Structure formats: structure tokens, C-alpha cells
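Inspection log for the structure reproduced underneath, given as C-alpha cells.
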């Protein structure tokens, strides 16, 4: 009787136990370090799955990702099942993680007033010959998480997608929004469309416990604040 060679392919695992599918259905936090690295290398060797290989790889550095990031391509290739391409992928991914930590260490800019918003956005949209609508996403300390352009070429409710604005806010765990757009005409007077989109976004955000803190209209030298003028 011929015995079949056992297969260690992740393809034979339960769908929800495979690293890629597990990340997709259960979220990135549900994966172990070994499973995350396994996604990078894609496959193991004849004797072990990608996850088993990555567990062995991590065990060699006492399960410290920082130590893993210090391994050279040559050192990684010493592990059976890790060729040059896989080693390069691991090195590149961990280098991205290192750079991300460096960016997170940079102090986030805190919004303390409408003037600080003007100072932040003036270099970006103050002198543009066309209108752009931006949203500043803030954490619970009023520090800027992200600035994002929402539309370009005129401000109307049809051009500002409320769902997109709030989807991004939820993804960033933002609790506050500041709306900003420029007036190339140099007029600081808010239009009916400006007022309408402010109200629409404020109402929609409130239902998600997110607050629209201000809406600024910016020109080359001045600004108009809805919050300062008690229009929110």
C-alpha cells in the first residue's frame, strides 16, 4: 500500500484559519506575528507550512520583531523555505514598520483655534485658482490625524460625498472634523451651498458621535470661521 506524503499547504486548512482569510474575516488584530509574516512569504517548505516556518523563524530571535528586523537577507535565507525573494519581502516589510514607528513618534499638530487651522491650510489651498474642499480629521485631543481633499472645482452637496467623509472618519477613529475650503474670488461670505453642506455633514456626523468643530473659508490672506461666527 502506497502511503501519501502529508501536505503542509495552508490551502488545506479551514478557510477561517488561513492567515489571509483570517485577516479578511476576523481583522488584523486576530493574527499572531507568525501568521502575519506567513502572509508575506506565502508558502513554507515540504516539511512545514508557512506559519510553522515563521514560528521557527521568530523563535530564533526570541519572538522579537525588532530583532527579526535586524536579520540580513543572507541570515534569513539560512532558513529552509526562505529564498531571496521571501527574505527581501520580510526585510522590506519590517523596514516599513520601522519607518512607520518613526512617523508616529512625530508630534501631531494640535488645533487650538480657527487661526491654527488657517495656518495649517493656507499653504495648501490659499492661493489656488480653483476651489477645493478638505476635511481635517482630529483625535480626542484635537490633534490632526489626517488632512484629506474631498472635492475639487466647486463646493456643492453633490461634489462632497458625506458617506466618504464619515467612512474615513470611522477608519481613522476620528472624533472631530474641521471642514475647510478656499474661495479664489477672495470673498469670505459663505454661500448657500457652503451652509447646506456644513449642516448636512454636522447632522450626519452627530449620529456617529463625531463632531464637526468648524468650517473655514480661506482666501490668500484671510479666513471666515463658522464656529467663530456661531454658525455651527
Taking region 84-111 and keeping only residues that are in a loop (DSSP other than H, G, I, E, B) and either touching a residue at least 40 places away in the same chain (Cβ under 8 Å) or loosely packed, with under 12 Cβ neighbours inside 10 Å (or both), one is left with 106, 107, 111
From (1) within 19 Å of the chain's Cα centre (by Cα); (2) over 30 Å from residue 28 (Cβ atoms), pick out the condition that doesn't hold for residue 166. (2)
Residue 87 passes all but one of (1) within 30 Å of residue 177 (Cα to Cα); (2) touching a helix residue (DSSP H, G or I) at 6+ places or on another chain (Cβ under 7 Å); which number fails? (1)
Residue count, region 192-201 (criterion: farther than 14 Å from residue 216 by Cβ and more than 27 Å from the chain's Cα centre (by Cα)): 3
Say whether the condition of being more than 30 Å from residue 171 (Cα to Cα) and either touching a strand residue (DSSP E or B) at 6+ places or on another chain (Cβ under 7 Å) or modelled with pLDDT under 90 (or both) is met by at least one residue in region 19-35. no
Taking region 202-224 as the search range and keeping residues that are closer than 18 Å to residue 124 by Cβ and crowded, with 21+ Cβ neighbours inside 10 Å, which one is farthest from the chain's Cα centre (by Cα)? 223
Consider only pairs whose beta carbons are under 7 Å apart and that are at least six residues apart or on different chains; among these, list those whose first residue lies in region 54-79 and is over 14 Å from residue 37 (Cβ atoms) and whose second residue is assigned to a loop (DSSP other than H, G, I, E, B). 77/83
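The values are calculated or read from the model by the stated rules, or taken from the named source; none is laboratory data. All figures in this text were calculated on a predicted structure; none of them were measured in a lab. With ideal geometry, Cβ positions are generated from the backbone for all residues, glycine too; neighbour counts draw on all protein chains shown.
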